[in-house]
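The structure appears right after this line, and notes come after that.
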Amino acid sequence: MGRPDPEEGQLPAPVKPPDGGWGWIVLFGCFVITGFSYAFPKAVSVYFKELMKDFHVGYSDTAWISSIMLAMLYGTGPVCSIMVNQFGCRPVMLIGGLLASAGMILASFTTNIIELYLTAGVLTGLGMALNFQPSLIMLGTYFDKRRPLANGLAAAGSPVFLSSLSPLGQVLLEKFGWRGGFLIMGGLLLNCCTCGAVMRPLDMGMKRKMGKAQDKYEAKEMLPIGGKSEEGISTTDGTKKAKKAKKKPKKGKKLLDFSIFSNRGFIIYTISKFILVLGLFVPPILLVNYAKDTGVPDTEAAFLLSIIGFIDIFARPACGMVAGLKWVRPHVAYLFSFSMLFNGLTDICSARASNYTGLVIFCVFFGISYGMVGALQFEVLMAIVGSQKFSSAIGLVLLIEAFAVLIGPPSAGRLVDALKNYEVIFYLAGSEVVLSALFLAVASYCCLNRGKKKEPPPENNPSAGGGSDTEEAESDVQEAEEHSSDNHQPAHSTDNAVVAANEEANHVAEEQSGEGGGCPAGDREVLARDGCNADQMVERDSF
């Protein structure tokens, strides 16, 4: 009777993120998922030499395994968004964990490189994609005030797992061969299912509580009062039919929300991120070969990546803590722009490094700036679109980034082959990152801040908001009439439903006049803010 139906998902108040509690378990699960998603495609490279010997292929052929994994991780973003919006995060993550594990297990039985592409590349990559995106969505659901710190801690999983999976893969290769290593790696990926199992929906407890309150209320309405028992029963039936008519049009849920493209902040972020990815991954990919060409021994050249990973482990949580400060968080987009500018200038200034000391200094500053970018990229996106539309936003952003990933590093490799000069590549990559930083900062200031100043302040009109209880009761009257006419129901049940809805409208209007106790009058948002729950509303109706 004008109150939200818990089965329809209309709660009296939005579920507030706990910023702790079970959220820390969710954060740990997101930490593990992020580590597997970003580090696993790189850790598989330790098996490439053995694969080249067994399958008689070149390095470029085996490198396609990691490329396909990354392409699936980025390119299947919209598919993940649709599945999450349709089935929820936990079922999608459980399926993704099984797919990722099955891909590596099947890869251990392959007999040619094409089968490896389909198993370790496509199947495992798809499984990790179905885990990565829902984990970020759940993280944004459980954290609000501490969300920047949570994103920083979760992002630290990438360097931690990279520094552990690569040595582990080398040990497995020496003891069990590449087939045994793939089989054990597939078993490790089953931990993604465990992480998916802990992703408990936040509103589950609230929905159960509201369902019990709704049952109590309907039970009281169905009790016979004097000689009106038959009328009360028919009124209840008419009300339930009206609710069913109300539920039917809500079944058409958006699987992928394209309305986010009307958000100017999202457009600016997407363009900036595309330009960023063109040059962000180029320096770490070419760093080892660049060091070898300058005369650095192989072992010392490989140690440069370890320096970046070690600095990255501490840079991401630290940047998350800074982004969570009260005076920084409203301007987190500019902090993200600064981190990109820092990264781009590091590439440009280090382009002429000709000795090992200069390369170590470059790795230290690159690790700091790279960690800042990794910690802030999804926090900025959550701040722009909000948690409601984040599932669709991240899917579309990852799809657009997939094109940049396929363009940037391969193009840089071709330029190196053509020019035989790494200095130009570092200048080019740094310029692209700097351009993305400047675009994000300038566009955010000009298009967003000035646009907010020009917008008139909203009028305080309570009737123009989400709708009062009286308006909902009147809408129930119209929906009950339309539903009964479409389905040719008997006239007496329709009249009973209309009478019940009219009585409800009068009853709610009396409550809004200030005579009721328990909760102050007003719409549901005011009730939720004052701390009233459904049980108090039921008790008030009994009076």
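The values are calculated or read from the model by the stated rules, or taken from the named source; none is laboratory data. Just so it is clear, the model here is predicted, and its values are computed rather than measured. Cβ sites come from the backbone with ideal geometry, for glycine too, and all protein chains shown count toward neighbours. What goes into the accessible areas is simple: the full protein's heavy atoms, side chains included, and nothing from ligands, DNA or RNA. Shrake-Rupley method; radii C 1.70, N 1.55, O 1.52, S 1.80 Å.
Put a dot 7 Å past each Cα toward the Cβ at Ser431 and Phe176; how far apart are the dots in nm?
Spacing of the two 7 Å Cα→Cβ label points: 4.8 nm.
Between Asp293 and Leu118, how high is the FRET efficiency from 1/(1 + (r/R0)^6) when r is the Cβ-Cβ distance and R₀ = 51 Å? Nearest 0.05.
After rounding, the FRET efficiency stands at 0.90.
Can you give the local net charge around Phe109? Use residues other than it whose beta-carbon is closer than 11 angstrom to its beta-carbon, Lys and Arg +1, Asp and Glu -1.
Details: positive: Arg179; negative: Glu115.
Combined, the nearby Lys, Arg, Asp and Glu give 0.
State whether the range 16-221 is rounded, prolate or oblate according to the following rule on the C-alpha gyration tensor (a ≥ b ≥ c being the square roots of its eigenvalues): a/c under 1.5 gives rounded; otherwise a/b larger than b/c gives prolate, and the remaining case gives oblate.
Judged from the Cα gyration tensor, the range 16-221 comes out prolate (a/c at least 1.5, a/b above b/c).
With every protein chain present, what accessible area does Arg200 have (1.4 Å probe, heavy atoms only), rounded to the nearest 10 Å²?
Only protein atoms counted, so the area is about 100 Å².
Provide the gained length on full extension for the span Tyr334 to Phe87, in nm with one decimal, where the gain is 0.36 nm per separating residue minus the Cα-Cα distance. Provide the component values of the computation, followed by the final result.
Values: separation 247, 0.36 × 247 = 88.92 nm, distance 3.54 nm.
My answer for the length gained is 85.4 nm.
Between Asp54 and Leu345, with labels modelled 7 Å along Cα→Cβ, what's the label distance in nm to one decimal, could you check?
4.9 nm
Can you tell me how much longer the chain between Phe109 and Leu188 gets when fully stretched, taken as 0.36 nm per residue apart minus their C-alpha distance, in nm with one decimal? If you can, show how the numbers build up before the last one.
Values: separation 79, 0.36 × 79 = 28.44 nm, distance 1.73 nm.
Between Phe109 and Leu188, full extension yields an extra 26.7 nm.
Any chance you could look up the accessible area of Asp298 with a 1.4 Å probe, heavy atoms only, rounded to 10 Å²?
Estimated to the nearest 10 Å², Asp298 gives 100 Å².
What figure, in Å² to the nearest 10, do you get for the accessible area of Cys349 with a 1.4 Å probe and non-protein molecules left out?
Number for this one is 110 Å².
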